[in-house]
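Asks: There's a structure below that I have some questions on.
The values are calculated or read from the model by the stated rules, or taken from the named source; none is laboratory data. Just so it is clear, the model here is predicted, and its values are computed rather than measured. Positions of Cβ are generated from backbone atoms using ideal geometry, with glycine treated the same way; all protein chains shown enter the neighbour counts.
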Protein chains: 2
Amino acid sequence: MSPTIYDVARYAGVGVGTVSRVLNNSSRVSEATRQKVLDAIEALDYHPNPIAQRLSLRRTFTVGVITPFFTRPAFVGRLRGVEAALTESEYDLVLYNVETTDKRDACFRELPTSQRFDGLLIIALPPTDEDVAHFHQAGIPVVLIDAYHPALSHVVIDDVKGGYMATKHLIELGHTRIAYISDPLESPFRFTSSLHRYQGYRQALDEAGIPFRPEYHRWAEHGEEQARDLARHLLDLAEPPTAIFAASDTQAIGAMEAIRERGLRVPQDVALVGYDDIEVSHYLGLTTVRQPFFETGVKGVEVLLQAIDYPPGEPLHIELPIELVCRRSTVGGAIPPEND
Amino acid sequence: MSPTIYDVARYAGVGVGTVSRVLNNSSRVSEATRQKVLDAIEALDYHPNPIAQRLSLRRTFTVGVITPFFTRPAFVGRLRGVEAALTESEYDLVLYNVETTDKRDACFRELPTSQRFDGLLIIALPPTDEDVAHFHQAGIPVVLIDAYHPALSHVVIDDVKGGYMATKHLIELGHTRIAYISDPLESPFRFTSSLHRYQGYRQALDEAGIPFRPEYHRWAEHGEEQARDLARHLLDLAEPPTAIFAASDTQAIGAMEAIRERGLRVPQDVALVGYDDIEVSHYLGLTTVRQPFFETGVKGVEVLLQAIDYPPGEPLHIELPIELVCRRSTVGGAIPPEND
DNA sequence: TGGTATAATGGAAGCGGTTCCATATGGAAC
DNA sequence: GTTCCATATGGAACCGCTTCCATTATACCA
């Protein structure tokens, strides 16, 4: 059995209150007794029981993190920031990976009222009004990362702007036949990124007076392979696009494969822009819209921990900057197989 | 304030013991009172406080999971299995991502004695004897996934065999100039996979009477880009290899890039075998040694939960099967850019 | 009818902390 | 020498459960 605070108190010849005070280096304790207690702790190799602390303090010191498909770079990247920030704090991170809407709904329903968390962090999964009402009723702070709801604090990027930036970049390079490939604009998970980037894409086209061609927008389930197929269809069009904007780098890489298959060159024959700036993008020379995954996760934790200690009157809206990163897939030399 | 068991007891007109019995549907409770209690629970929207349960039961119902670089497919894949299995259980999963040896050492030192976990799951990070002594002293069950220590239960694959299988496959295809690219065989994280696969590689060469050429083994930090550089060096040799075995699919993909750059064909000019069978490998037509990431994670959880309830006398050694998956990078048609 | 085994139930004690309150101590002020 | 206050300290009560033990109610049998 591990020693308890009573063992320490007895060993040090003091009361448990005093030991507790030393542990929380609070209130005044005389230097002499403090040292006696510290010696006892050392001698007994005492570690306070966090469960008992949590019960007594009525705080769980635990944050629940709900993320979809955490194998995908965009999600695991944010999770990495969340983990790093939480490790710096005194909070534990309990992880939930959501790969079905059933599990998402179960998480949304059960976790807030489970009394296991001081706060909840939700990545990329927008809750319904009903969900949010449930969160509020449970009285638990919830922060969204890369998702939006008017009544919840959230840390986001401006995907409309990102789509706009990517498309505008292609337009400025002289392209007018610009395709967009993405996830379905509406999905059971209610992911919004593909839709918002689409809106930015449309906006940039409109602004440049380029008519939108429905056949230039293709979508499929997320994935490199699916994107490759989409790109193949685009290249098979009677009038194929000269540029493709993909809603994620993963999909851009799929498109790149399709372009290569055809023996076409990037960017000379088809220019390519992705989104996310995942690790391999730098190395593939992929022009992309960089979003700060890690920082988004860190910021989400900051907002949540702040909300736990000082509930904000109004939900916070935090937007992190994105950045167009120009690489070989739109400007400069060709990329493999033609590069040197 | 959330209602407590006392509120439920009062509302139902019974004692707290009875409510507790209903909650744990244990001991005999008359059908009538059970119903009264259930009604009260319903009416008050009562949820038992798990912290109080944990304190009373002196179990945390929490498992700590320590994984290195959880953005890498091999680790996140196992973590996914761990998460899925833990979700099925009544245990929470508290995550620690290790990207420095300092953090690893801090986790190994502090988590076992923190009294926060009923068990610890460690992915791919072999502990030292000293670490293990510390675990035992703390009296906490620890299960290793994809790592080995004689005194700890572990779930592994046979990497020596995997390296052997991959190499033998290339030998059977007639190759004799077979290179191996990998992480450094020794790393501060003490990862063993590159080393074991190397041993299998050497074994297969020996068995076939093919002399080992030191210049055919190159290593660098893990990563696609680093592997591409390694492969470039190999291809620059006076007598370049006709086949490359990479210690991971990520590295094989890097090698594939290097081969393409040179305008060489896979597999005609250079055959390629990877390891892991990550998601894109299927799609890239990469021959590889498949290891069951998800299942490994699930199994690790099973072993740990079992060990928590019934400490095994001897540590369990569990080995999951691996499988050579033959694809276009060694057999059959060429792969991009030459494929159709 | 009384005795006894059995089922159902209430409630105190305990899990291991924190914190409030009461008390002890020592010195300063008068 | 007494009073008073600040500081240090001990310990009970409490956080919200589980469980053991004692008690009561019920049923069965002789």
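Asks: When residues of region B:1-13 are filtered for being within 10 Å of DNA strand C (Cβ to nearest atom) and either in contact (Cβ under 8 Å) with a residue 12 or more places away in the chain or surrounded by 18 or more Cβ atoms within 10 Å (Cβ to Cβ) (or both), how many remain?
Replies: 4
Asks: With A:Ala238, A:Ala243, A:Ala247 as the choices, which residue is away from chain B (no Cβ under 14 Å) and surrounded by fewer than 24 Cβ atoms within 10 Å (Cβ to Cβ)?
Replies: Working: A:Ala243 fails: surrounded by fewer than 24 Cβ atoms within 10 Å (Cβ to Cβ); A:Ala247 fails: surrounded by fewer than 24 Cβ atoms within 10 Å (Cβ to Cβ).
After applying the criteria, what remains is A:Ala238.
Asks: Something else about it: Considering only region A:183-215, state which residues are over 18 Å from the mean Cα position of the chain (by Cα), small (Gly, Ala, Ser) and not in a loop (DSSP other than H, G, I, E, B).
Replies: If the condition is that a residue be over 18 Å from the mean Cα position of the chain (by Cα), small (Gly, Ala, Ser) and not in a loop (DSSP other than H, G, I, E, B), then A:Gly200, A:Ala204 are the ones that fit.
Asks: Pick from region B:47-67 the residues that are touching a helix residue (DSSP H, G or I) at 6+ places or on another chain (Cβ under 7 Å) and away from DNA strand C (no atom under 13 Å from the Cβ): which of them is farthest from B:Val98 (Cα to Cα)?
Replies: B:His47
Asks: So, one more: Determine which member of the set B:Arg213, B:Arg260, B:Arg197 is touching a residue at least 60 places away in the same chain (Cβ under 8 Å) and out of contact with any Asp or Glu (no Cβ under 8 Å at 6 or more places or on another chain).
Replies: Details: B:Arg213 fails: touching a residue at least 60 places away in the same chain (Cβ under 8 Å); B:Arg197 fails: out of contact with any Asp or Glu (no Cβ under 8 Å at 6 or more places or on another chain).
Every option except B:Arg260 fails the conditions.
Asks: Name every residue in region A:25-46 that is among the basic types (Lys, Arg) and either touching a Gly at 6+ places or on another chain (Cβ under 8 Å) or within 12 Å of DNA strand C (Cβ to nearest atom) (or both), in order of residue number.
Replies: Those that are among the basic types (Lys, Arg) and either touching a Gly at 6+ places or on another chain (Cβ under 8 Å) or within 12 Å of DNA strand C (Cβ to nearest atom) (or both): A:Arg28, A:Lys36.
Asks: Within region B:22-38, is there a residue that is away from DNA strand D (no atom under 13 Å from the Cβ), of a type in the set (Gly, Ala, Ser) and more than 14 Å from every other protein chain (Cβ to nearest Cβ)? Before you say what the answer is, go through the steps one by one.
Replies: First, pick out the residues of region B:22-38 that are away from DNA strand D (no atom under 13 Å from the Cβ): B:31, B:34-36, B:38.
Going one step further and asking which of them are of a type in the set (Gly, Ala, Ser), we end up with none.
Checked against the condition, which is being away from DNA strand D (no atom under 13 Å from the Cβ), of a type in the set (Gly, Ala, Ser) and more than 14 Å from every other protein chain (Cβ to nearest Cβ), region B:22-38 yields no hits at all.
Asks: Is it the case that A:Leu205 is surrounded by 12 or more Cβ atoms within 10 Å (Cβ to Cβ), free of Cβ contacts under 8 Å to residues at least 40 places away in the same chain and under 21 Å from A:Thr288 (Cβ atoms)?
Replies: Yes: the conditions hold for A:Leu205.
Asks: Continuing with the same structure: Quick one: in region B:267-280, which of the residues that are under 14 Å from B:Ile178 (Cα atoms) and among the hydrophobic types (A, V, I, L, M, F, W, C) is farthest from the other protein chains (Cβ to nearest Cβ)?
Replies: B:Val273
Asks: Are any residues in region A:225-234 surrounded by fewer than 20 Cβ atoms within 10 Å (Cβ to Cβ) and within 14 Å of chain B (Cβ to nearest Cβ), and if so, which ones?
Replies: Across region A:225-234, the qualifying residues are A:Glu225, A:Gln226, A:Asp229, A:Arg232.
Asks: Conditions: (1) under 24 Å from A:Val65 (Cβ atoms); (2) at pLDDT below 95; (3) touching a helix residue (DSSP H, G or I) at 6+ places or on another chain (Cβ under 9 Å). A:Arg290 meets all but one. Number of the miss?
Replies: It fails just one condition, (2).
Asks: Conditions: (1) buried (at least 18 other Cβ atoms within 10 Å of the Cβ); (2) over 20 Å from A:Val266 (Cα atoms). A:Pro184 meets all but one. Number of the miss?
Replies: (1)
Asks: Only strands (runs of 3 or more DSSP E) wholly contained in region A:223-292 count here; list those with 3 or more residues that are hydrophobic (A, V, I, L, M, F, W, C).
Replies: Fully inside region A:223-292 and qualifying: A:243-246, A:271-276.
Asks: Across region A:42-58, what is the total count of residues that are part of a helix (DSSP H, G or I), out of contact with any Leu (no Cβ under 8 Å at 6 or more places or on another chain) and over 20 Å from A:Pro141 (Cβ atoms)?
Replies: So the count comes out to 6.
Asks: So B:Ile41 passes all but one of these: (1) surrounded by fewer than 19 Cβ atoms within 10 Å (Cβ to Cβ); (2) among the hydrophobic types (A, V, I, L, M, F, W, C); (3) within 16 Å of DNA strand D (Cβ to nearest atom). Which condition number does it fail?
Replies: So the condition that B:Ile41 fails would be (1).
Asks: Please go through (1) exposed (fewer than 14 other Cβ atoms within 10 Å of the Cβ); (2) more than 7 Å from DNA strand C (Cβ to nearest atom) for B:Val22 and return the number of the only condition it doesn't satisfy.
Replies: The single condition B:Val22 does not satisfy is (1).
Asks: Can I ask one more? Could you pull out the residue among A:Val270, A:Val266, A:Val301, A:Val289 that is within 22 Å of A:Met165 (Cβ to Cβ) and either surrounded by fewer than 16 Cβ atoms within 10 Å (Cβ to Cβ) or within 23 Å of the chain's Cα centre (by Cα) (or both)?
Replies: A:Val289
Asks: Out of the residues in region B:51-63 that are of a type outside the set (A, V, I, L, M) and in contact with an Asp or Glu (Cβ under 9 Å, 6 or more places away or on another chain), state the one that is farthest from DNA strand D (Cβ to nearest atom).
Replies: So the residue we want is B:Thr62.
Asks: So, one more: Out of the residues in region A:1-11 meeting the condition of being more than 8 Å from DNA strand D (Cβ to nearest atom) and not hydroxyl-bearing (Ser, Thr, Tyr), tell me which one is modelled with the lowest pLDDT.
Replies: A:Met1
Asks: List the residue pairs whose Cβ atoms are under 6 Å apart, where the first residue sits in region A:14-38 and is assigned to a loop (DSSP other than H, G, I, E, B), the second is within 12 Å of DNA strand C (Cβ to nearest atom), and the two are 6 or more positions apart or on different chains.
Replies: A:Gly15/A:Ala9; A:Ser27/A:Arg21; A:Val29/A:Arg21; A:Val29/A:Val22
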